[in-house]
Amino acid sequence: MGCCVSTSSRSTCSSGSNGDMTTPSCLQVGFCGQKRARRTFSDHVISLHHLSSLPSRVFANGKSRGSCIFTQQGRKGINQDAMIVWEDFMSEDMIFCGVFDGHGPHGHLVARKVRDTLPVKLLSFLHSNESKQNESGKACFKRNIKPGGGDSEKDCSAEDKLNSTWREAFMKAYKAMDRELKSHSNLDCFCSGSTSVTIVKQGSNLFMGYIGDSRAIMGSKDSNDSMVAIQLTVDLKPDLPREAERIKQCKGRVFALQDEPEVPRVWLPFDDAPGLAMARAFGDFCLKEYGVISIPEFSHQLLTDRDQFIVLASDGVWDVLSNEEVVEIVSSAPTRSSAARILVNSAAREWKLKYPTSKMDDCAVVCLFLDGKMDSESDYEEQGFSSATIQSNHSGNPIESDDGQKSEPSLQRNFTVRSSEENETYGAVSVDVEDGTASADDQNWSGLEGVTRVNSLVQLPRFSTERSNS
């Protein structure tokens with residue numbers, strides 16, 4: 001694809017007189033252009049096809065130095081969720097995390113494409129911005145603004161610069177990602193798409209960009225040392241006033257079906273389709289002229305010592321568990337390495353209890369612990385993960401983990417569930433419970449069945465079927 005990214009921020013660009021290795025300045029944001037021996041961005045690169053060999057990049061069930069991730073396939077076909085943790089993203093103190101929830105016939109492919117490509121695009125734009133700053137000789141902004149710093153006026157200026165740089169990088173990366181999906185010759189994104197919730201932690205700075213209804217929350221301690229939940233993102237649903245106004249101005253329609261009044265959807269002006277249950281998404285080009293956009297919401301937050309962990313998850317989790325319940329589950333996990341898996345299993349139990357006749361959705365969870373500490377390998381294996389699972393993320397042939405573990409997939413309460421009888425008009429998917437796979441013919445429709453809000457689409461527009469046949 002021609003897109004390249006540094007293999008490691010720990011590569012040596014220069015050595016001090018004491019022999020200490022210096023992190024490449026070309027891989028960090030905000031250096032003041034000190035004179036030093038340095039490599040260019042192209043001196044140490046790896047093609048996108050070899051991203052899976054990066055030991056600091058985890059995208060299958062497992063853990064990293066400071067996080068654990070877990071995904072579980074639902075009962076509607078192939079797993080359409082994807083997730084990633086990329087440590088040493090641009091420097092040793094920088095971590096990228098993301099969760100992507102696909103929808104539509106090819107949603108699983110869209111989600112994985114975004115997972116693999118979006119971080120690289122963000123990395124590229126950040127490097128481009130830094131290069132321009134170094135060439136222009138402008139005063140740089142601080143790499144790591146800390147709360148309660150000294151000179152408030154100077155800190156404010158630096159924070160504004162930091163915000164501007166990261167906002168621009170997120171905006172450009174998301175725009176380029178959607179443009180690439182539209183021009184992709186082998187991936188039909190006309191009625192398929194994906195959400196995206198992405199964060200970058202750099203020191204005490206937390207940068208967030210997101211579209212769709214995947215969510216990020218933070219577990220933090222209050223003044224009484226009790227754990228509280230802080231929602232970091234907003235579920236970008238079509239009924240939000242600003243979103244609804246934009247869609248209507250573009251001739252799109254927003255309304256809910258009679259049998260699910262709690263789920264507003266986006267419809268074409270001339271057809272009761274596709275009924276997308278979010279206002280922003282990658283792909284879904286059948287609706288891009290009618291108000292659905294891929295422009296991310298961006299926010300920046302300063303972390304404190306009271307902030308303990310961040311949870312990113314697809315809406316399968318948020319449909320049955322509240323923010324407070326998620327924080328309680330993660331904070332009470334016997335080991336940090338098991339937190340993501342336990343959260344998914346808890347959501348699965350909630351679905352069985354509350355919606356026994358409904359098909360559960362896929363779930364993907366990323367738990368990032370802000371102090372960077374994790375459990376020992378032995379403790380991790382006691383929770384049911386093998387060394388092979390952990391190391392699979394460090395090999396050239398990682399496991400996609402579409403089938404997840406043998407435990408039930410987890411979904412969250414959204415009051416938006418169809419019974420299996422009500423979905424018979426959409427056809428049934430034959431799923432092998434043992435291996436969690438569906439036949440090739442059924443996978444095209446698997447993303448449209450089961451829980452309506454999680455599936456995100458009601459039906460494909462008529463012209464989409466004609467377009468596919470042609």
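The values are calculated or read from the model by the stated rules, or taken from the named source; none is laboratory data. Note that the structure is a prediction, hence the values are computed from the model and not measured. No Cβ is skipped: glycine too gets one built from the backbone with ideal geometry, and neighbour counts run over all protein chains shown. The area values use the complete protein model at the heavy-atom level, side chains included, leaving out ligands, DNA and RNA. Shrake-Rupley method; radii C 1.70, N 1.55, O 1.52, S 1.80 Å.
Among Cys286, Cys363, Cys367, which is the only one that is out of contact with any Asp or Glu (no Cβ under 9 Å at 6 or more places or on another chain), in contact (Cβ under 8 Å) with a residue 24 or more places away in the chain and closer than 22 Å to Thr71 by Cα? Spell out how you get there, then give the answer.
Numbers: Cys286 fails: closer than 22 Å to Thr71 by Cα; Cys363 fails: out of contact with any Asp or Glu (no Cβ under 9 Å at 6 or more places or on another chain).
Result of the check over Cys286, Cys363, Cys367: Cys367.
Go through segment 342-358 and give me each residue that's out of contact with any helix residue (DSSP H, G or I) (no Cβ under 9 Å at 6 or more places or on another chain) and either open to solvent by less than 40 Å² (accessible area, probe 1.4 Å) or of a type outside the set (Lys, Arg) (or both). Full working, then the answer.
Step one: of segment 342-358, the residues out of contact with any helix residue (DSSP H, G or I) (no Cβ under 9 Å at 6 or more places or on another chain) are 345, 348-349, 352-357.
Within segment 342-358, Asn345, Ala348, Leu353, Tyr355, Pro356, Thr357 qualify.
Show me the strands (runs of 3 or more DSSP E) entirely contained within segment 262-370 in which 3 or more residues are aliphatic (A, V, I, L, M). Before the answer, list the steps.
Numbers: elements: 265-268, 271-276, 297-302, 307-313, 363-369.
Fully inside segment 262-370 and qualifying: 307-313, 363-369.
Assess whether Ser314 counts as being at pLDDT 95 or above, in contact with a strand residue (DSSP E or B) (Cβ under 7 Å, 6 or more places away or on another chain), closer than 24 Å to Trp86 by Cα and open to solvent by 40 Å² or more (accessible area, probe 1.4 Å).
Taking the combined requirement at face value, the residue does not satisfy it.
If I filter segment 210-231 down to residues being in contact with a Leu (Cβ under 8 Å, 6 or more places away or on another chain) and open to solvent by less than 10 Å² (accessible area, probe 1.4 Å), which single residue comes out as nearest to Asn129 (Cα to Cα)?
Step one: list which residues in segment 210-231 are in contact with a Leu (Cβ under 8 Å, 6 or more places away or on another chain), which gives 210-218.
Then keep just the ones that are open to solvent by less than 10 Å² (accessible area, probe 1.4 Å); that gives 211-214, 216-218.
Values: Ile211: 23, Gly212: 27, Asp213: 29, Ser214: 28, Ala216: 27, Ile217: 29, Met218: 29 Å.
Ranking the qualifying residues of segment 210-231, first place goes to Ile211.
Pick from Gly107, Gly62, Gly98: which is over 26 Å from Asp235 (Cβ atoms) and buried (at least 23 other Cβ atoms within 10 Å of the Cβ)?
Gly62
Quick check on segment 60-82. Is at least one of its residues under 19 Å from the mean Cα position of the chain (by Cα), among the acidic types (Asp, Glu), at pLDDT 50 or above and closer than 16 Å to Pro119 by Cα?
no
Assess whether Arg280 counts as being surrounded by 21 or more Cβ atoms within 10 Å (Cβ to Cβ), closer than 20 Å to Tyr174 by Cβ and either free of Cβ contacts under 8 Å to residues at least 12 places away in the same chain or basic (Lys, Arg) (or both).
yes
List every residue pair whose Cβ atoms lie under 8 Å apart, where the two residues are 6 or more positions apart in sequence or sit on different chains, the first residue falls within segment 262-275 and is under 17 Å from Glu289 (Cβ atoms), and the second residue, located anywhere, is of a type in the set (Lys, Arg) and not in a loop (DSSP other than H, G, I, E, B).
Val266/Arg253; Trp267/Arg253; Leu268/Arg253; Pro269/Arg253; Asp271/Arg462; Ala273/Arg462; Gly275/Arg265
Quick check on segment 70-81. Is at least one of its residues more than 29 Å from Thr357 (Cα to Cα) and either of a type outside the set (Val, Ile, Thr) or buried (at least 24 other Cβ atoms within 10 Å of the Cβ) (or both)? Before the answer, list the steps.
We begin by selecting, within segment 70-81, every residue more than 29 Å from Thr357 (Cα to Cα); these are none.
No - not one qualifying residue is present in segment 70-81.
Just for segment 88-115: of the residues that are among the acidic types (Asp, Glu) and at pLDDT below 95, which one is nearest to Gly275 (Cα to Cα)?
Restricting attention to segment 88-115, the residues satisfying the condition of being among the acidic types (Asp, Glu) are 88, 92-93, 101.
Subset that is at pLDDT below 95: 88, 92-93.
On the way: Asp88: 40, Glu92: 43, Asp93: 42 Å.
My answer is Asp88.
Would segment 139-148 turn up any residue that is open to solvent by less than 10 Å² (accessible area, probe 1.4 Å) and either part of a strand (DSSP E or B) or at pLDDT 85 or above (or both)?
Within segment 139-148, not a single residue is open to solvent by less than 10 Å² (accessible area, probe 1.4 Å) and either part of a strand (DSSP E or B) or at pLDDT 85 or above (or both).
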